[in-house]
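Take a look at the structure set out below.
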Amino acid sequence: PAEQTLSAQIVPFDSTRKLLLSRDITQLERVQTVHRDFVANVSHELRTPLTVVGGFIETMIDMPSSDAATRETHLQLMYEQTQRMQRLVEDLLTLSKLESGAQVREEEVDIPQLMQLLRTEANGLSQGRHTVEIGRLDRPRLIGNHDELHSALGNLVSNAIRYTPPGGTITIGWEKRDDTACFTCRDTGIGIAPEHIPRLTERFYRVDRGRSRNTGGTGLGLAIVKHILHRHQAQMIITSDLGKGSEFAVKFPQARVIE
Ligand code: ADP
């Protein structure tokens, strides 16, 4: 294993080298802790829905003569839990694919088509409970992977809907900021306290666990967004006012914008 090789390489009395090696080992320990926490988190996330499904199956076996309405309720609840597991597994697969660093095709992104898609999906998610608007639209000509950008920006829009109470407004658009193309997604939702902002892209980090789950969240959305944006050398800037709303802005490097 890697740590053994590292400790075997320690040369006595060479303090600089020792320092470097101990930094490598600390780094390795940090990676191992992150990995352990991740496995624990995944197990926990899967255990809860499995327990619920198992419980209902047991009830149905024990009470085979229960009425049709009860059976229907149980089946509906089981279905919801399997969907939750399915979403989690899909997100895990997406993350692992992104982490493997597989290359994807890059070409000019069809921004009008992408915006149309984002708006249609937002309206589908909102089911008429929010106003979904296209704000400023300085349509840039951008190079990237359409599917990945659709997934990343779509995640931001779906979060905006999920964390905005009914009656709120979600505004998406493209602006020129610092002389480059910037996608913006603004909501009039619950907002995020400043201390949480730096941690939002960590896997399974949620400000409010219950709220995230109730709205179908896996806790992996922004981790996926972070990966995709990193591959596009884009930067995400989160600004929020607790209780009033948030803005997620994605700034692309000039090198990706065709003038
Ligand atoms: P989840 O599946 O929990 O939504 P994400 O990774 O997409 O996972 O987001 C992480 C957390 O960031 C969420 O649980 C939520 O607390 C917070 N968050 C993300 N987007 C917003 C938003 N637009 N408004 C308020 N909170 C948000």
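The values are calculated or read from the model by the stated rules, or taken from the named source; none is laboratory data. The shown structure was predicted, so the numbers you read here are calculated from the model rather than taken from an experiment. Cβ placement follows ideal geometry from the backbone for every residue including glycine, while neighbour counts extend to all protein chains displayed.
For beta carbons closer than 6 Å, sequence separation of 6+ or different chains, a first residue in the stretch 176-204 that is closer than 18 Å to Arg162 by Cβ and a second that is loosely packed, with under 12 Cβ neighbours inside 10 Å, the qualifying pairs are Gly191/Gly243; Gly191/Lys244. Consider the stretch 163-184 and keep the residues that are touching a helix residue (DSSP H, G or I) at 6+ places or on another chain (Cβ under 7 Å) and among the β-branched types (Val, Ile, Thr). The one that is surrounded by the fewest Cβ atoms within 10 Å (Cβ to Cβ) is Thr180. Each residue in the stretch 208-234 was checked for being within 26 Å of Glu80 (Cα to Cα), under 13 Å from the mean Cα position of the chain (by Cα) and either more than 8 Å from the ligand (Cβ to nearest atom) or buried (at least 17 other Cβ atoms within 10 Å of the Cβ) (or both), and 10 of them qualify. Being more than 16 Å from the ligand (Cβ to nearest atom), more than 30 Å from Gly54 (Cα to Cα) and surrounded by 13 or more Cβ atoms within 10 Å (Cβ to Cβ): is that true of Glu133 here? The answer is no for Glu133. Only residues that are under 14 Å from Phe252 (Cβ atoms) and charged (D, E, K, R) were counted in the stretch 128-162, giving 4.
Entry remark, the stretch 152-199: residues being under 22 Å from Glu106 (Cβ atoms), within 12 Å of the ligand (Cβ to nearest atom) and of a type in the set (Gly, Ala, Ser) number 2 in total.
Taking the stretch 82-197 and the strands (runs of 3 or more DSSP E) fully enclosed by it, the elements with 3 or more residues that are among the aliphatic types (A, V, I, L, M) are at 131-137.
Every listed requirement among (1) modelled with pLDDT of 95 or more; (2) within 9 Å of the ligand (Cβ to nearest atom); (3) buried (at least 19 other Cβ atoms within 10 Å of the Cβ) is met by Gly144 save one, (2). Is it true that Leu88 is within 22 Å of Leu222 (Cα to Cα), surrounded by 12 or more Cβ atoms within 10 Å (Cβ to Cβ), out of contact with any Ser or Thr (no Cβ under 8 Å at 6 or more places or on another chain) and of a type outside the set (Ser, Thr, Tyr)? For Leu88, the condition - within 22 Å of Leu222 (Cα to Cα), surrounded by 12 or more Cβ atoms within 10 Å (Cβ to Cβ), out of contact with any Ser or Thr (no Cβ under 8 Å at 6 or more places or on another chain) and of a type outside the set (Ser, Thr, Tyr) - is not met. When residues in the stretch 85-116 are screened for being more than 30 Å from Gly173 (Cβ to Cβ) and at pLDDT 95 or above, 6 of them pass.
If only residues of the stretch 235-259 that are over 18 Å from Thr164 (Cβ atoms) and not in a strand (DSSP E or B) are counted, the one that is farthest from the chain's Cα centre (by Cα) is Glu259. Scanning the stretch 148-162 for residues that are buried (at least 22 other Cβ atoms within 10 Å of the Cβ) and closer than 12 Å to Leu125 by Cα yields Val157, Ser158, Asn159, Ala160, Ile161.
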